[in-house]
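Contents: one structure, followed by commentary.
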Amino acid sequence: MQFGDILVCIDGSDAGRRHTQVALALAARSRARVIGYYLAPSREIIAEWLLDPRQARTVENDIDKAEVDFARLLTVNSLDGTWIPGSESRRVEDI
């Protein structure tokens, strides 16, 4: 079976990491592109709702780390892909 693009929803959980590994394995077998859609609050929502700046920085660091990890996994597996941070204005249905 040949895939063109594989969309994987990434959320920082153990299940999200397993989903990413499955998507990468499928993409490696079929030479598909991997689209990593990160499900997290936007930076604007983080700033608005988290009163503790340290907590907000932790969430933002997690988002940045997830993006770096995704790019590293693409490189290690010699795959092409795109990182898309989710937001209220960019729903997965719109991708």
Single residue of region 23-65 satisfying the filter (open to solvent by 90 Å² or more (accessible area, probe 1.4 Å) and either within 17 Å of Pro85 (Cα to Cα) or under 17 Å from the mean Cα position of the chain (by Cα) (or both)) that is modelled with the highest pLDDT: Lys65
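So is Leu79 part of a loop (DSSP other than H, G, I, E, B) and either loosely packed, with under 12 Cβ neighbours inside 10 Å or modelled with pLDDT under 70 (or both) or not?
Numbers: part of a loop (DSSP other than H, G, I, E, B): yes; either loosely packed, with under 12 Cβ neighbours inside 10 Å or modelled with pLDDT under 70 (or both): no.
It is false that Leu79 is part of a loop (DSSP other than H, G, I, E, B) and either loosely packed, with under 12 Cβ neighbours inside 10 Å or modelled with pLDDT under 70 (or both).
The values are calculated or read from the model by the stated rules, or taken from the named source; none is laboratory data. What you see is a predicted model; the values in this text were computed from it and never measured. For neighbour counting, all protein chains shown are included, and Cβ atoms are generated from backbone atoms with ideal geometry for every residue, glycine included. Areas reflect the complete protein model, heavy atoms only, side chains present, ligands, DNA and RNA absent. Shrake-Rupley method; radii C 1.70, N 1.55, O 1.52, S 1.80 Å.
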